[in-house]
1. Looking at the range 252-267, is at least one residue in a helix (DSSP H, G or I), β-branched (Val, Ile, Thr), farther than 26 Å from residue 65 by Cβ and out of contact with any helix residue (DSSP H, G or I) (no Cβ under 6 Å at 6 or more places or on another chain)?
2. Only residues in the range 417-434 that are more than 15 Å from residue 404 (Cα to Cα) and outside any helix (DSSP H, G or I) count as the first member; pair them with residues that are modelled with pLDDT under 80 and not hydroxyl-bearing (Ser, Thr, Tyr), Cβ under 7 angstrom, at least 6 apart or cross-chain, and list the lot.
3. In the range 306-321, what residues are among the small types (Gly, Ala, Ser) and either in a loop (DSSP other than H, G, I, E, B) or under 19 Å from residue 82 (Cα atoms) (or both)?
4. Examine the range 71-92 for a residue that is of a type in the set (Asp, Glu), in the same structural domain as residue 287 (by TED's automatic domain parsing) and part of a loop (DSSP other than H, G, I, E, B), and state whether such a residue exists.
5. Determine whether residue 65 is outside any loop (DSSP other than H, G, I, E, B), surrounded by 15 or more Cβ atoms within 10 Å (Cβ to Cβ), within 31 Å of the chain's Cα centre (by Cα) and at negative phi.
6. Within the range 394-416, can one find any residue that is among the hydrophobic types (A, V, I, L, M, F, W, C), modelled with pLDDT of 80 or more, assigned to a loop (DSSP other than H, G, I, E, B) and closer than 30 Å to residue 269 by Cα?
7. Scan the range 371-378 and give yes if some residue there is farther than 12 Å from residue 332 by Cβ and modelled with pLDDT of 95 or more, otherwise no.
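The values are calculated or read from the model by the stated rules, or taken from the named source; none is laboratory data. These numbers come from a predicted model, not from an experiment. Quick reminder, even Gly has a Cβ in these numbers, built from the backbone with ideal geometry, and neighbours come from all protein chains shown.
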Amino acid sequence: MDDSIIRGFSKYSKPQRIEALIQKYNFKADLGKWLGSFELTDPVTQKIIADLSENQVSNFHLPFSIAPNFVVNGHNMFFPLVSEESSVVAALSNAAGFWAARGGFHAEVLGTEKKGQVHFKWKGKVEKLRLLFPEIKERLLAESAFLMTKMVERGGGIISLELKEMNHVLPEYFQVDAGFQTCDAMGANFINTCLEQLSKSLQGYFRISDKVSDEEQDCEIIMAILSNYSPDSQVRAWVECPVTGLLEGKSQEENRLFVRKFEEAILISQSDIWRAVTHNKGIFNGIDALSMATGNDFRAIEASGHAFAARNGSYSGLTDVKVKDGKFKFSIELAMAVGVVGGVTGVHPMSKLALRMLGNPSAPELMMYLAVAGLASNFGAVKALVSIGIQKGHMKMHLNNIMNQLNIPEEKRPEIQLYFQDKTSSYSAVEQYWKNHKDE
């Protein structure tokens, strides 16, 4: 047995975990003091943060920022954002202000159904299982009802059960595909609990039913788990204005040229996977920042969004543009599952603040805000790409990071920002400039 393997690490105290870290990498003995400097002085709040994860040794800080001027369905609000990418908040703020002056963002929810499956193997004939399924379905719903009392009172619960034959994947393989409404919860724990109960009831049916033979009594559960792909939980957001009102102070011809190039950029993202991936990454810059601020699972949101981008058989950009009768319309459709109760949203103090900033939204309302954040982020990126280029704005923000890395004093920074306002601010260029001028 490898003596370096640590067993029972999750049972270690925090000092023990830090000591193990010191021993593993020969770090300095005062590492614990340094890690402690990132923790909160309020012990109650610090415990909340520490209990969010396992094996915690410190806090990892990211900026909590605000993007003002988001007008959504006529309501003006601030968007709370958490992102380490310096240009994300700037791009969202610029896009929000841009569209606030042109009628704002519009959004609507197209559906809120989530899915989960019981994956199982059964040796009987497909035709027989289809005939038995109405009776099986009745049993599954009856025996899982006790789990759904509170959810049903709120208008949720299991809304559909469907048998799917999956013999093209594995011999004797089937699914019970379950549809759920989880109201204002993202619902992962609720769905998984229900699915595990459904799997027990399914096995129970085959064991006691007099309609199956002895050979057919064995129902092997492979797994019971929700799907993070939620094509029936969809949201749409859009902006629109006259073509001639897009670029202030520009001629009609300049506006038309901008719109043509914008259309072409979107078409490329819808047709070329090399562009589509980066295009959609830009969309999730905004969505992730808002989802993290509100304590939502940005990984699940991204997974569903990327699967939705490939729903037609090939991966493509998630936004679309239409120009008709002199009007420019830019839109996005997404599949996502979010929550505003339970999980991190219910305990993290900053997530609670973020939701208050958004007016304590329902889950469908938060879906709309996330779609708006994605559309705003994408508009800012594409607008830059087809006009000034992406690097001018990005590197302007990146310059601050470079100066931080080089420990340049605050009083010297305006001089460096002025020098690089029309130059490429690479790390090596800034470093060389600082070496040449720091003693002046």
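1. Pass one, the range 252-267, residues in a helix (DSSP H, G or I): 252-267.
Keeping just the survivors that are β-branched (Val, Ile, Thr) gives 259, 266.
Cutting the leftovers down to farther than 26 Å from residue 65 by Cβ gives us 259, 266.
After this cut, where a residue has to be out of contact with any helix residue (DSSP H, G or I) (no Cβ under 6 Å at 6 or more places or on another chain) as well, the list is 266.
The answer is yes; a qualifying residue exists.
2. 420/399; 424/395
3. Across the range 306-321, the qualifying residues are 310, 313, 314, 316, 317.
4. First, the residues of the range 71-92 that are of a type in the set (Asp, Glu): 84-85.
Next cut, in the same structural domain as residue 287 (by TED's automatic domain parsing) only: 84-85.
Then keep just the ones that are part of a loop (DSSP other than H, G, I, E, B); that gives 84-85.
Yes.
5. On the way: outside any loop (DSSP other than H, G, I, E, B): yes; surrounded by 15 or more Cβ atoms within 10 Å (Cβ to Cβ): yes; within 31 Å of the chain's Cα centre (by Cα): yes; at negative phi: yes.
Judged against the criteria, residue 65 is a match.
6. Pass one, the range 394-416, residues among the hydrophobic types (A, V, I, L, M, F, W, C): 395, 397, 399, 402-403, 406, 408, 416.
Those left that are additionally modelled with pLDDT of 80 or more: 402-403, 406, 408, 416.
Next cut, assigned to a loop (DSSP other than H, G, I, E, B) only: 406, 408.
Remaining after also requiring closer than 30 Å to residue 269 by Cα: none.
Scanning the range 394-416 turns up no residue that is among the hydrophobic types (A, V, I, L, M, F, W, C), modelled with pLDDT of 80 or more, assigned to a loop (DSSP other than H, G, I, E, B) and closer than 30 Å to residue 269 by Cα.
7. Restricting attention to the range 371-378, the residues satisfying the condition of being farther than 12 Å from residue 332 by Cβ are none.
Looking through the range 371-378, none of the residues is farther than 12 Å from residue 332 by Cβ and modelled with pLDDT of 95 or more.
This table checks each residue for (1) farther than 25 Å from residue 227 by Cα; (2) hydrophobic (A, V, I, L, M, F, W, C); (3) in the same structural domain as residue 201 (by TED's automatic domain parsing).
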{"residue": "119", "(1), (2), (3)": "no, no, yes"}
{"residue": "127", "(1), (2), (3)": "yes, no, yes"}
{"residue": "133", "(1), (2), (3)": "no, yes, yes"}
{"residue": "138", "(1), (2), (3)": "no, no, yes"}
